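Here's the structure, in structure tokens; my notes come after.
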Amino acid sequence: MRTLVLIRHAKSSWANPLQSDFERPLNDRGKEEAPAMGGRLKKHNLVPDLIIASSAKRTRQTAKKIAKEVGYDADNIKWEEKLYHCIPSVFEEVIYEVDDSVKTIFIVAHNPGITEFVNQLSPQFRIDHMPTCGVVGAHMEGDQWNHFSTTGRKVFLFEYPGMPDHEKK
């Protein structure tokens with residue numbers, strides 16, 4: 001059994017309209033919500049063997065804040081530029097490259113690709129929009145990451161900041 005946790009970056013700042021999208025940082029709310037979601041992941045006993053994140057500024061900041069909360073060394077985060085506003089198949093490419101000794105992966109990325117990808121995880125799970133700092137966890141049967149697209153998967157977690165307790169999966 002393997003575990004994949006997909007995380008959309010926390011709320012970003014639009015304070016500087018001339019700033020490039022890639023360099024947009026987190027806003028104050030995002031700086032609070034990212035560690036809070038990291039704490040929630042830890043309460044679920046979800047601690048990654050590997051964190052992979054888009055190299056955009058807001059995903060770097062989100063990944064580092066979550067890493068700190070779950071006790072993962074931020075120096076070991078793998079930065080993937082191809083996760084920046086990617087299509088769903090790029091998530092699979094990234095997963096296929098993971099060493100099979102890794103059992104739990106966190107991937108921090110962007111909409112709309114992350115919403116499209118989580119909707120492909122299981123026929124029993126569908127969302128219209130992955131909220132900022134939203135988290136989707138899925139278990140995968142099998143012992144090799146490169147079998148990801150052909151093996152059974154089940155979504156076991158969907159949470160986001162401000163989500164009412166009765167809606168949590």
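Computed quantities for the displayed model
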item: Theoretical FRET efficiency, 1/(1+(r/R0)^6), r = Cβ-Cβ of Glu97 and Glu141, R0 25 Å, to 0.05; result: 0.80
item: Lys, Arg +1 and Asp, Glu -1 on Cβ, resulting dipole of the range 66-140 about Cα centre, debye, nearest 20; result: 260
item: Residue order, fewest to most surrounding Cβ atoms within 10 angstrom, among Ser89, Ser20; result: Ser20, Ser89
item: Beta bridges per DSSP with both ends in the chain, % antiparallel, nearest 5; result: 50
item: Between helix 57-70 and the chain: long-axis angle, C-alpha atoms, 0 to 90°, nearest 10; result: 60
item: Helix 28-43 axis, angle to the chain major axis (alpha carbon atoms, nearest 10°); result: 30
item: Selected from Ser89, Leu157, Trp79, residue furthest toward positive end of dipole (the range 78-165; charges at beta carbon); result: Leu157
item: Cα extents of the range 14-95 along the three principal axes, largest first (Å); result: 40, 32, 22
item: 16 Å reach of a label modelled at Asn76, 7 Å along Cα-to-Cβ, counting backbone N of the range 93-112; result: 98-107
item: Simple Cβ-charge dipole of the chain, Lys/Arg +1 and Asp/Glu -1, about Cα centre, in debye nearest 20; result: 520
item: Contact order normalised by residue count of the range 49-169, Cα under 8 Å, 6+ apart, percent; result: 23
item: Translational diffusion of the chain, µm² s⁻¹ [Kirkwood Rh, Cα pairs; Stokes-Einstein; 25 °C; 0.890 mPa s]; result: 155
item: Kirkwood-based Rg to Rh ratio, the range 95-169, C-alpha trace; result: 0.97
item: The chain - mean residue ellipticity at 222 nm from DSSP helices (-39,500 (n - 2.57) per run, n ≥ 4, rounded to 500); result: -8000 deg cm²/dmol
item: Residue with peak Gaussian network fluctuation, the chain [Cα springs, cutoff 10 Å], from Asn45, Asn146, Asn27; result: Asn45
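Each value in this text was obtained by applying a stated rule to the coordinates, not by laboratory testing. This structure is a prediction, so every number in the text was calculated from the model and none was measured. With ideal geometry, Cβ positions are generated from the backbone for all residues, glycine too; neighbour counts draw on all protein chains shown.
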